[in-house]
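Some notes on the structure that comes next.
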Amino acid sequence: MKPPTRVNHPPAVDVPPDNRPLVAPIYQSVKFTFDSVAESERESRGQREGFQYSRVANPTLRQLELTVAELQGRDAAANLAMLSLCKQGDHVLMFAEMYQPTRYMIRRVLSRYGIAHTMLSIEDVAGIERTLAERPTRLIVFESPTNPLLKVASLERMTAAARAHGALTLLDNTFAGFHNHGQFDIDIFAHSLTKYASGHGDVMGGAVIARKELIDAMHTDSIILGATLDPHTAFMIQRGLKTYPLRYERQCANALQLATFLEAQPQVARVSYPGLPSHPQYALAVAQMHEFGAMVTIELHEDAARFSEALQLFAISASLGSTESLVWPGRLINPRDLSAQERQWAGISERTARLSIGIEDADDLIEDLQQALTTCGTASK
């Protein structure tokens with residue numbers, strides 16, 4: 001071959017079957033080929049395993065999908081849910097205590113397509129059951145623990161109410177982690193892979209994990225709408241998952257230690273952490289969760305901005321779940337899309353600070369919290 005041809009058709013390097021790489025390679029290719037048209041047709045019809053186009057499927061991404069599905073105790077994973085499972089005329093039940101972009105998706109995007117919604121507080125159990133009884137509901141979208149006040153929903157009661165009225169449940173399980181809540185009758189789990197799965201704050205992604213029949217119903221829409229991770233991102237997240245159990249265990253242990261410390265400080269009016277006996281749903285968290293998460297939310301006696309700026313090891317950042325500790329003050333969480341009543345349900349004020357606890361030494365983090373609280377001055381509880 002002449003050089004222009006050779007550089008586009010380089011020599012193949014075949015790895016012997018008994019000489020596999022210890023780490024799976026990144027299949028950084030958009031396109032895959034078969035030796036015959038017939039085999040390509042068979043793959044397109046689902047009659048054989050294989051890959052053709054990475055928008056549809058890629059071996060690196062497939063490995064990640066299989067991993068997170070098994071961690072959550074379900075059959076399969078995809079990247080899309082609400083748009084695929086709802087149609088014009090459907091109704092969605094949602095809650096004020098949830099991630100703001102999720103609220104936007106339901107209230108602004110789905111509403112354009114004739115999908116109605118009702119928003120309640122996650123603590124309004126009677127309201128949930130009343131809404132389901134009064135109005136046919138396609139989907140219940142919720143979090144547990146919630147962002148950022150860490151309220152814990154009764155998953156058994158929520159799923160039972162949904163089943164009784166023919167609704168699907170979609171739980172954003174990011175805060176709890178892949179190893180939590182798989183024992184409950186949740187139809188669909190959503191995870192931000194950007195957070196604990198990756199764990200290093202250097203890639204973005206998301207996953208929807210569910211039974212195979214629900215994933216099959218979402219699959220084509222996911223392809224058409226382009227909700228597909230590129231192979232390198234999938235590889236980075238798969239690599240992050242290798243240390244996920246170790247990181248999460250350390251982060252949870254740190255979180256409990258820091259929450260216990262903060263609860264004893266006079267500058268702190270309230271500490272929200274499901275692992276503290278003072279948490280309103282502590283008994284429920286113990287019954288439902290293996291660990292209590294790595295998020296701690298506090299309410300100070302003054303504006304949390306000054307406290308956040310005084311911290312030296314906690315970076316002011318919107319994300320969470322990374323190895324380094326982060327803080328996000330109430331001014332930046334401020335739910336401007338909520339009414340006065342809905343803001344009361346959400347429970348966020350300018351005195352709120354959400355802490356994402358990392359894997360640093362707990363004593364160093366406590367020392368940093370102490371100096372920041374001292375900088376802010378002393379106030380009585």
For MET98, MET236, what's the largest-to-smallest order of accessible area, 1.4 Å probe?
MET236, MET98
Hey, if we sort ILE128, ILE224, ILE348, ILE316 by accessible area with the 1.4 Å probe, largest down, what's the order?
ILE224, ILE316, ILE348, ILE128
Considering amide H positions built from the backbone, and no H for Pro or chain starts, which residues 5 or more places from LEU168, or on another chain, come under 5 Å of its amide H?
LEU139, ILE140
On the full set of protein chains, 1.4 Å probe, figure out the accessible area of VAL296 and give it in Å² to the nearest 10.
0 Å²
Length gained when the stretch ALA160-ALA269 is fully extended (0.36 nm per residue, less Cα-Cα span):
35.7 nm
Quick one: Karplus J couplings for the stretch 140-154, per residue in order, coefficients 6.51, -1.76, 1.60, θ = phi - 60°, nearest Hz, x for Gly and Pro?
10, 10, 8, 10, 6, x, 7, 9, x, 7, 6, 6, 10, 8, 6
In a Debye calculation with equal point scatterers on the alpha-carbon sites of the stretch 166-304 and no solvent, what is log10 I(q)/I(0) at q = 0.08, 0.09, 0.16, 0.17 Å⁻¹?
-0.29, -0.36, -0.96, -1.04
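Within the accessible area of the stretch 104-157, what % is carbon and sulfur when the probe is 1.4 Å and the other protein chains stay in place?
So the carbon and sulfur contribution to the accessible surface is 47 percent.
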If you count only protein heavy atoms with a 1.4 Å probe, what accessible area per residue comes out for the chain, rounded to a whole Å²?
48 Å²
To the nearest 20 debye, what is the magnitude of the charge dipole of the chain about its Cα centre, counting +1 on the Cβ of each Lys and Arg and -1 on the Cβ of each Asp and Glu?
1000 debye
At a 1.4 Å probe, what is the % contribution of carbon and sulfur to the accessible area of the stretch 288-358?
46 percent
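Per residue Cα convex hull volume for the chain, in cubic angstrom?
178 Å³
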Would you mind checking the radius of gyration and Dmax of the stretch 1-101 based on alpha-carbon positions, in Å?
20.3, 65
Given pairs LYS151/LYS212; LYS151/LYS195; LYS195/LYS242 and cut-off 23 Å on Cα-Cα distance, the over-length ones are LYS151/LYS212
What accessible surface, in Å², does a 1.4 Å probe find on SER272, ignoring ligands, DNA and RNA and rounding to the nearest 10?
10 Å²
Once the Cα atoms of helix 212-225 and of the chain are each reduced to a long axis, what angle between those two axes, in degrees from 0 to 90 to the nearest 10, is obtained?
80 degrees
For LEU120, other-chain or 5+-apart residues with amide H closer than 5 Å (H placed, Pro excluded) are MET94, PHE95, ALA96
Using a Gaussian network model of the chain whose springs link C-alpha atoms within less than 10 Å, name the residue from LEU300, LEU229, LEU71 with the highest mean-square fluctuation.
LEU71
Hey, what's the per residue convex hull volume over the C-alpha atoms of the stretch 240-345, in cubic angstrom?
136 Å³
Tell me, how many Å apart are the Cα centres for the stretch 1-48 and for the stretch 313-381?
49 Å
For the Cα atoms of the chain, what angle does the longest principal axis make with the long axis of helix 244-263, in degrees from 0 to 90, nearest 10?
10 degrees
How much accessible area does HIS9 have with a 1.4 Å probe, in Å² rounded to the nearest 10?
110 Å²
I need the calculated FRET efficiency for the pair SER278 and VAL15, taking r as the beta carbon distance and R₀ as 41 Å, to the nearest 0.05.
0.15
GNM top mover of PRO145, PRO16, PRO245 - the chain, alpha-carbon springs below 10 Å:
PRO16
Put +1 on the Cβ of each Lys and Arg and -1 on the Cβ of each Asp and Glu in the stretch 223-381; which of LEU338, SER349, GLN371 then has its Cα farthest toward the positive end of the dipole?
LEU338
What order do SER40, SER278 take when sorted by accessible area (1.4 Å probe), most exposed first?
SER278, SER40
Just to confirm the number: angle between the C-alpha axis of helix 362-376 and the first principal axis of the chain, 0 to 90 degrees, nearest 10?
50 degrees
Calculated FRET value between HIS290 and ALA133, using beta carbons and R₀ = 41 Å, to 0.05
0.80
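Applying 1/(1 + (r/R0)^6) with R0 = 35 Å to the Cβ-Cβ distance of ARG108 and ASP75, what FRET efficiency is obtained, to the nearest 0.05?
0.65
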How big is Rg to Rh over the stretch 44-102, alpha-carbon atoms, Rh as the Kirkwood inverse-mean-distance radius?
1.08
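The values are calculated or read from the model by the stated rules, or taken from the named source; none is laboratory data. Because the structure is a prediction, the values reported are computed rather than measured. As a convention, Cβ positions derive from the backbone with ideal geometry for all residues, glycine included, and neighbour counts pool all protein chains shown. For accessibility, only protein heavy atoms count, side chains too; no ligands or nucleic acids. Shrake-Rupley method; radii C 1.70, N 1.55, O 1.52, S 1.80 Å.
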